[in-house]
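Each remark here refers to the structure printed beneath this line.
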Amino acid sequence: MALKIIDHGTKEYLQMVNLRNDILRKPLGLHFEEEELEEEKDDVLIGAFDDEKLIGCCLITRMDSSTCRLRQMAVPSTLQHKGIGASLVSFAENVARDIGYRMMMMHARKTAVGFYEKFGYNISGDEFMEVTIPHFVMLKRLR
């Protein structure tokens, strides 16, 4: 498995959009709007690849000079529990540190809270609804 930063608008990015759509949006009856995807031009786009095939992804979005947000983590259900998600989180944290961020936050789906807690993320605040399902804000200080 290779982890790398993807450029917006490339064939790898198209794979990323399709994977996120299949895993994160379609099951909720949602889809990406063109404006949403356009806003990702300034994000750090991260992919996990098996040869040329994307097998997992996530994004880092700048919140302010010291905080970034981990978003759109997606690994196909058939490939979960194989370390892909863990590798993506670790890689994203390292990239964020290298950029100079000191805090990573996310809106974690309630079903994924346990996964992120394993990596030192903590719930901050109450449960809320986003894209029709329960989420929590989770935070981790990057050292």
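The values are calculated or read from the model by the stated rules, or taken from the named source; none is laboratory data. Everything numeric in this text was worked out from a predicted model, so none of it was measured. For neighbour counting, all protein chains shown are included, and Cβ atoms are generated from backbone atoms with ideal geometry for every residue, glycine included.
Here are some residues: Arg102, Arg109, Arg71, Arg62. Which one is more than 29 Å from Gly29 (Cβ to Cβ), in contact (Cβ under 8 Å) with a residue 12 or more places away in the chain and surrounded by 14 or more Cβ atoms within 10 Å (Cβ to Cβ)? Step through it out loud before you land on a result.
Values: Arg102 fails: surrounded by 14 or more Cβ atoms within 10 Å (Cβ to Cβ); Arg109 fails: more than 29 Å from Gly29 (Cβ to Cβ); Arg71 fails: more than 29 Å from Gly29 (Cβ to Cβ).
After applying the criteria, what remains is Arg62.
Based on what the data block shows, is Arg102 over 26 Å from Phe32 (Cβ atoms) and at pLDDT 95 or above? Please lay out each step first, then the result.
Details: over 26 Å from Phe32 (Cβ atoms): yes; at pLDDT 95 or above: yes.
Spelling it out, Arg102 is indeed over 26 Å from Phe32 (Cβ atoms) and at pLDDT 95 or above.
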Original post:
What pairs come up if the first residue lies in the stretch 29-44 and is more than 28 Å from Gly100 (Cβ to Cβ), the second is surrounded by 10 or more Cβ atoms within 10 Å (Cβ to Cβ), and their beta carbons are under 7 Å apart, counting only those six or more places apart or on different chains?
Top reply: Leu30/Val131; His31/Asn21; His31/Arg25; Phe32/Val17; Phe32/Asn21; Phe32/Arg25
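Only one residue in Leu28, Leu88, Leu79, Leu14 is under 11 Å from the mean Cα position of the chain (by Cα) and either closer than 26 Å to Lys118 by Cα or among the hydrophobic types (A, V, I, L, M, F, W, C) (or both), so which one is that? If you could, list the steps in order and put the result at the bottom.
Working: Leu28 fails: under 11 Å from the mean Cα position of the chain (by Cα); Leu79 fails: under 11 Å from the mean Cα position of the chain (by Cα); Leu14 fails: under 11 Å from the mean Cα position of the chain (by Cα).
The match here is Leu88.
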Subject >> Subset tally (residues that are part of a loop (DSSP other than H, G, I, E, B) and charged (D, E, K, R)) for the stretch 96-139 >> reply: 4
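So which residues in the stretch 51-69 are closer than 14 Å to His107 by Cβ and not aliphatic (A, V, I, L, M)? Before the answer, list the steps.
Taking the stretch 51-69 as the starting set, the residues that turn out to be closer than 14 Å to His107 by Cβ are 58-61, 63, 67-69.
Scanning the stretch 51-69 gives Cys58, Thr61, Thr67, Cys68, Arg69.
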